[in-house]
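All remarks here apply to the structure that follows.
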Amino acid sequence: MGLKEKLHNIKEKGKGKKWLPAFSAFHTFLFTPNETTHSGGHVRAADDLKRTMNTVVLALIPCLIFGIFNTGFQHYQALVEDVPFLSWAAFSLGAMKIIPLVIVSYVVGLGVEFIFAIIKGHEVEEGYLVTGMLVPLIVPVDIPLWMLSVAVIFGVVIGKEVFGGTGMNILNPALTIRAFLFFAYPTWMSGDKVWVEGAVERANEIAAGANLDAISGETILGALAQGKELVYSVSDMFWGFIPGSVGETSTFLILLAGLFLIFSKIGSWRIMLSGVLGALTMGLIFNSVVNFGWITPSSGFYTLMNTVFWHHLLIGGFAFGVVFMATDPVTASQTNKGKWIYGFLIGFISIMIRVFNPAYPEGVMLAILLMNVFAPTIDHYVVQGNVKRRLKRLKPKTV
């Protein structure tokens, strides 16, 4: 008996019917779904949700691989050990820390989705394929696995399932998970002494009594917010040889991934470009305030005001957030004009939060979540504006 006959018997006889969504999920993931539309006009195309999600995951793979090497490399750099970037030592250490994050993200997240599918009796969608890969790339490498598990459960349940599942959520699930970690466990998300795997602990063991400030492993944004000088070159920031979340460091690979998503017509170039323009605008405003002497940045609160405006594109998670999460087709604006407004405000607010929030000098996560909430409102006013303009054209001209 083939798979089609077995599915038919389950549907007809009802035996094991509650397990049908779980079985169908595995069957659909491995093969092309049998169900097609039976009525009404529709566009015949090769792309579907599974192919779309797999394409995004494919774009994330280079960032994941680079992050594995960089995690090990930054660890040995912090311990002042001469280990090449492309080395087995760097890769093995990075894989040992990052692969468990990926496994926990997928096992826990898909487990919650399967439970909801079985209880509610609906199909398991492929939406978590991307979320499960995004989550390990946007968290610190040293985060405990139990914290990640709790955050993933919260993000999938509160961020997606309570709204009806894939396609119904109003907030990006991956950013919902990160926001939960930020508010529930802020000391692990502060960007200070948690971004380089085990650097401080290993240094304590190897060189007790040495000056450990030089190997704190904080992010560039964390250092700049504390008034420290930028110790990395523009080249290092662009290629990604800097501390940070697993997938956010290499602006070069993120740029290539963005071009790939635009070419495959999955990511919106309008959102990406307008996000960059918004960030540059806010950065220029802060630089102008400093250059004209209206505010003198001091160590602490306004230090990031003095950061060169275009450097904001290379540091922190801005590039990663704009390419992979701001362009989420479910939570982003749907109209073309709305995408320009939506993306610009994300970039603008991201840099604003960076400067005015010294405790957490990163703003792209909060900016995207905020604009997720306002995306429907933006689209509403864009549509209403188009309707009003068309109604004016229909009004008869008075003689």
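Below, the figures for the structure above:
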{"read-out": "Every pair of residues 6+ apart whose Cβ atoms lie under 6 Å, when the first sits in region 136-156 and is at pLDDT 90 or above while the second is charged (D, E, K, R)", "value": "138/178"}
{"read-out": "Residue 105 being assigned to a helix (DSSP H, G or I), crowded, with 19+ Cβ neighbours inside 10 Å and hydroxyl-bearing (Ser, Thr, Tyr)", "value": "yes"}
{"read-out": "Those residues of region 331-353 which are hydrophobic (A, V, I, L, M, F, W, C), surrounded by fewer than 24 Cβ atoms within 10 Å (Cβ to Cβ) and out of contact with any Asp or Glu (no Cβ under 9 Å at 6 or more places or on another chain), in sequence order", "value": "340, 341, 344, 345, 348, 349, 352"}
{"read-out": "Scan of region 266-287 for residues that are over 20 Å from residue 221 (Cα atoms) and either open to solvent by less than 70 Å² (accessible area, probe 1.4 Å) or at pLDDT below 90 (or both), ordered by number", "value": "266, 267, 268, 270, 271, 272, 274"}
{"read-out": "Neighbours by Cβ (under 7 Å, 6+ apart or cross-chain): first from region 99-121, farther than 12 Å from residue 132 by Cα; second aromatic (Phe, Trp, Tyr) and at pLDDT below 85", "value": "118/19"}
{"read-out": "Residue within region 68-88 that is part of a helix (DSSP H, G or I), within 26 Å of residue 263 (Cβ to Cβ) and among the β-branched types (Val, Ile, Thr) present", "value": "yes"}
{"read-out": "Flag if residue 92 is part of a helix (DSSP H, G or I), open to solvent by 20 Å² or more (accessible area, probe 1.4 Å) and among the hydroxyl-bearing types (Ser, Thr, Tyr)", "value": "yes"}
{"read-out": "Index of the failed condition, residue 350 passing every other in (1) touching a Ser or Thr at 6+ places or on another chain (Cβ under 8 Å); (2) over 12 Å from residue 175 (Cβ atoms)", "value": "(1)"}
{"read-out": "Tally, over region 309-330, of residues that are buried (at least 24 other Cβ atoms within 10 Å of the Cβ) and more than 26 Å from residue 242 (Cα to Cα)", "value": "1"}
{"read-out": "Residue in region 221-255 that is nearest to residue 60 (Cα to Cα), counting only those that are among the β-branched types (Val, Ile, Thr) and open to solvent by less than 10 Å² (accessible area, probe 1.4 Å)", "value": "254"}
{"read-out": "Search result, residues across region 138-165 that are crowded, with 21+ Cβ neighbours inside 10 Å, over 30 Å from residue 75 (Cα atoms) and among the β-branched types (Val, Ile, Thr)", "value": "156"}
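The values are calculated or read from the model by the stated rules, or taken from the named source; none is laboratory data. Here the structure is a predicted model, which is why all the values come from computation and not from measurement. Positions of Cβ are backbone-derived with ideal geometry, glycine not excepted, and every protein chain shown enters the neighbour counts. The protein model used for the area step is the full one, side chains on, heavy atoms only, and it has no ligands, DNA or RNA in it. Shrake-Rupley method; radii C 1.70, N 1.55, O 1.52, S 1.80 Å.
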